[in-house]
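Undergrad: Dropping the structure in here first, questions after.
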Amino acid sequence: KKSSQNVLKRIFGGLAITFRYSDYLGELYPIRFGLSEAAHEQAKPSATLLQQDEIGRLLPKLFRQRHKYQAGLLHVWAGSKGMEGSAALVCRSALRSGCGLVKLAIDEKHHQGFSSLDLEVVSLLVGQGQRFFNQAKLKFMIEHFNKGDACVIGPGISLDMDMQACIHELVPSIKKPLVLDADGLTAYAERPFSLPKHTVMTPHIGELKRLLGIEGRFTMNRDSLQLCQDYVEEHQLTLLVKGAPTFIFHPQTEVKIMPRGNPGMATAGAGDVLAGMIGAFLAQGLGPLEATCVGAYLHGVSGELAAKDLGSFSLMATDLIANLPKAFAFVEIS
């Protein structure tokens, strides 16, 4: 009995086993191992593992008579010269995740560089001028972004001073749910600004360190999990820390652990796909925690399905999007 208690303490006390032995894990199955119903009811988990049936119940509800605006209008500011692919990935993944309409903010002088966009993406041309950021453009973006249902800001916008100045002025004026990712997170970490009420941040470990003000070696253990939870309580936002596994933090909520995925997902653009998916679910009316859980889970399942067909070494971000229909079907049959 004492030995079993020590094992449970190692697993649930700091979740160190999740990282130290993750390379040796195979399929995970929830099982009953003898605890009474009374014991289950008394348990107060500090973390829970996301389950397939739970995600299926959280999916946005479909009805026959809905039109594209009822399916959600998502505004995106992503991509820049040389990083146009980021914008394409965000927009395509949002559309494949059920979003009714996606509008991408593009500076007119760089419009030709975004030729890889899907035909369904609406270009929101932000005016002309040598600089991206000026008061007229800012006013235009604020007006349009607040007419939609949700926003994604940050992937591939660059760390150019002009872009950074714009994001510091734009985000505090947005009143809609927001996914802040990549270069948007860097801008916030360097000089924080006011955030919309329902904000989701999606950092990898390097970006998380900047947000938390941590230098040197950093691992996800019991102490760092508490740091992340303290951060979301202080800032009142939802935080998704990308990795294997992925951790999701939300105020007044136990940590959510998302175990799905494949090593091949460690590839350029996979994070852009995830940002677009979460943005799509926000636009369809899910709350920030629900949208983040659904987006992360489907993203992981899509990676598993893609690797099954293509192998882990050959996986690309576009393969994740291509497998989203299968991922939805996988979750819906639960």
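Undergrad: Counting only residues 5 or more places away or on other chains, whose amide H sits under 5 Å from the amide H of residue 49 once H atoms are built in the peptide plane?
TA: So residue 49 has HN proximity to 257.
Undergrad: Calculate for the chain the 222 nm mean residue ellipticity that helices alone would give, adding -39,500 (n - 2.57) per DSSP H run of length 4 or more and normalising by residue count, nearest 500 deg cm²/dmol.
TA: Roughly -13000 deg cm²/dmol at 222 nm, from the helical runs in the chain.
Undergrad: If you take the charge dipole of the chain about its Cα centre, with +1 on Lys and Arg Cβ and -1 on Asp and Glu Cβ, which of 297, 268, 45 is farthest toward its positive end?
TA: It is 45.
Undergrad: Moving to a separate point now. Cβ neighbours within 10 Å, averaged per peptide: list 309-318, 24-33 in order, most packed at the top.
TA: Top of the packing list down: 309-318, 24-33.
Undergrad: Also, quick follow-up: Give the separation of the Cα centroids, the stretch 187-219 to the stretch 37-80, in Å.
TA: When both Cα centres are located, 23 Å separates them.
Undergrad: Within the accessible area of the chain, what % is carbon and sulfur when the probe is 1.4 Å and the other protein chains stay in place?
TA: Its accessible area is 53 percent carbon and sulfur atoms.
Undergrad: Same structure again: List the lysines whose alpha-carbon lies under 20 Å from that of residue 44, not counting same-chain residues fewer than 8 positions away?
TA: The reachable lysines, counting only those whose Cα sits under 20 Å from residue 44, are 9, 256.
Undergrad: Rounded, prolate or oblate: pick one for the stretch 173-280, where a ≥ b ≥ c are the square roots of the eigenvalues of its C-alpha gyration tensor, a/c under 1.5 means rounded, and failing that, prolate if a/b is larger than b/c, else oblate.
TA: rounded
Undergrad: For the stretch 165-208, what's the relative contact order in percent, using C-alpha pairs closer than 8 Å and at least 6 residues apart?
TA: 48
Undergrad: Something else: When ligands, DNA and RNA are left out and all protein chains stay put, how many square angstrom of accessible area per residue does the stretch 212-334 have with a 1.4 Å probe?
TA: About 41 Å² of surface per residue is accessible.
Undergrad: How high is the FRET efficiency between residue 210 and residue 147 when r is their beta carbon distance and R₀ equals 30 Å, given to the nearest 0.05?
TA: 0.40
Undergrad: Step by step: find N for the stretch 154-236, compute 2.2 N^0.38 Å, then divide the Cα radius of gyration by it. What's the final number?
TA: This ratio for the stretch 154-236 stands at 1.10.
Undergrad: With charges only on Cβ, +1 for K and R and -1 for D and E, what is the dipole size of the stretch 84-219 about its Cα centre, in debye, rounded to 20?
TA: For this selection, approximately 340 debye.
Undergrad: Starting from the stretch 145-236, pick out the GluC sites (Glu not before Pro) whose DSSP state is loop and whose Cβ has at most 16 other Cβ atoms within 10 Å.
TA: 215
Undergrad: By accessible area of protein heavy atoms, probe 1.4 Å, what ranking do 95, 208 get, highest first?
TA: 95, 208
Undergrad: Let me know the charge dipole size of the stretch 247-309 about its Cα centre in debye, to the nearest 20, where only the beta-carbon of Lys, Arg (+1) and Asp, Glu (-1) is charged.
TA: 60
Undergrad: Show 63, 140, 145 ordered by accessible area, largest first, where the area counts protein heavy atoms only and the probe is 1.4 Å.
TA: 63, 140, 145
Undergrad: Here is a follow-up. Looking at 208, 221, 195, which one has the Cα that reaches farthest to the positive end of the dipole of the chain (charges on Cβ: Lys, Arg +1; Asp, Glu -1)?
TA: Result: 221.
Undergrad: Let me ask something else. Need one number: nm distance between label points at residue 125 and residue 29, each 7 Å from Cα along Cα→Cβ, rounded to one decimal.
TA: Inter-label distance under the simple model: 5.9 nm.
Undergrad: Continuing with the same structure: Treating only the Cβ atoms of Lys and Arg (+1) and Asp and Glu (-1) as charged, compute the dipole magnitude of the chain about its Cα centre; round to the nearest 20 debye.
TA: 480
Undergrad: Counting only DSSP beta bridges with both residues in the chain, what percent are antiparallel, rounded to the nearest 5?
TA: 20
Undergrad: So for the chain, averaging the separation of alpha carbon pairs under 8 Å that are six or more residues apart and normalising by length, what relative contact order in percent results?
TA: It comes to 20 percent, rounded to a whole number.
Undergrad: Simple spin-label model, 7 Å along Cα-to-Cβ: residue 68 to residue 329 in nm?
TA: 2.6
The values are calculated or read from the model by the stated rules, or taken from the named source; none is laboratory data. Please read these numbers as outputs of a predicted model, since none were measured by experiment. A quick note on method: Cβ atoms are made from the backbone with ideal geometry, for glycine too, and the neighbour counts reach across all protein chains shown. Heavy atoms of the whole protein, side chains included, go into the accessibility calculation; ligands, DNA and RNA do not. Shrake-Rupley method; radii C 1.70, N 1.55, O 1.52, S 1.80 Å.
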